[in-house]
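The structure under discussion appears below in the form of structure tokens.
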Amino acid sequence: LSNEEFTQLMLEALDGFLVALTTDGNIIYVSDSVSSLIGHLPPDMVDQNILNFLPEREHSDVYKLLSSHMLSSDPASSDFLDSESHVEFCCHLVRGNMDLKEPPVYEYVKFIGDFKFHNNVPTSSCNGLELALPRTLQSSLEEQLCLIATVRLVTPQFLKDLCNVQDPCDEFTSRHSLEWKFLFLDHRASPIIGYLPFEVLGTSGYDYYHVDDLELIAQCHKHLMQLGKGKSCYYRFLTKGQQWIWLQTHYYITYHQWNSR
């Protein structure tokens, strides 16, 4: 795994994602792990205001917290950086929903971060993860004060999944590199294939396919690369208990917002 992929896996394991906001609430960066946690694609959030994702009753408090630093814009003020830069607060963020007829569902999250000037953007998050921000982000922060924060679910995803075991589900979500290595596996997969997410991350999906299905699967992946989305054939997958189960995958290609991979 690359350093970037490892960073995203660590953020997802912590039920968190990285975000950068200007003091007026504009989102200038959000990490890919936001997709698996609250259902938004990063490109759909960048250049929007964070208030658009909050319930209206929380707009005032969050805006006041961010805008209170607008006037503290002297990069040479070490007193400000030392005494007022750190911030922690909780709020609700709306989940991504493809059905606009459904009422919005909100996740209760906690922001933990620091206000930084562009030439002092940290190379690690407040949780100690090594996070090198993209050059595109660094250049967009010129002469600006912004909040660099990790956002974590107050109720861990794993506990929420345990609460939903009475609602059986025969599907799960995974994310792969173009070399078909596992980059993400949600917790719904464990009852189906037997593996916990950390057991398959970095391994190839082809390691689990039946040899008689490999040719058909390879053809499906070729069509995916040509069309960008599709549905696979039915294929056999080897579970952790060494049993073969039949699966079918609906997939699409999404591009990294910074390096277009």
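Whole-Hz Karplus values for the stretch 190-199 come out as 4, x, 8, 10, x, 8, 7, x, 5, 7 Hz, taken residue by residue from phi with 6.51 cos²θ - 1.76 cosθ + 1.60 and θ = phi - 60°; glycine and proline positions read x.
The HN-Hα couplings worked out from phi for the stretch 201-214 by the Karplus form 6.51 cos²θ - 1.76 cosθ + 1.60 (θ = phi - 60°) are 4, x, 8, 8, x, 5, 5, 10, 8, 5, 4, 6, 9, 4 Hz, whole numbers, x standing for Gly and Pro. Given the convex hull of the Cα atoms of the stretch 165-252, what is a quarter of its surface area in nm²? One quarter of the hull surface, i.e. the mean projection, equals 5.6 nm². Scalar couplings 3J(HN,Hα) for the stretch 223-228, obtained by applying the Karplus form with A = 6.51, B = -1.76, C = 1.60 to θ = phi - 60°, are 5, 4, 5, 7, 9, x Hz; x denotes Gly and Pro. Ordering Met225, Met45 by the number of other Cβ atoms within 10 Å of each residue's own Cβ, fewest first, gives Met225, Met45. In this structure the amide hydrogen of Tyr106, modeled in the peptide plane, comes within under 5 Å of the amide hydrogens of Arg95, none closer than 5 places in sequence on its chain. Relative protection proxy for 31-43, 212-224, 187-199, 241-253, from highest mean packing down: 31-43, 187-199, 212-224, 241-253 (other beta-carbon atoms within 10 angstrom).
Multiplying the residue separation of Leu196 and Asn97 by 0.36 nm and subtracting their alpha-carbon distance yields 33.0 nm.
Coordinate-derived values only; no laboratory data. Because the structure is predicted, anything quoted here is derived from the model rather than measured. Here Cβ is always computed from backbone atoms with ideal geometry, including for glycine, and neighbour counts include all displayed protein chains.
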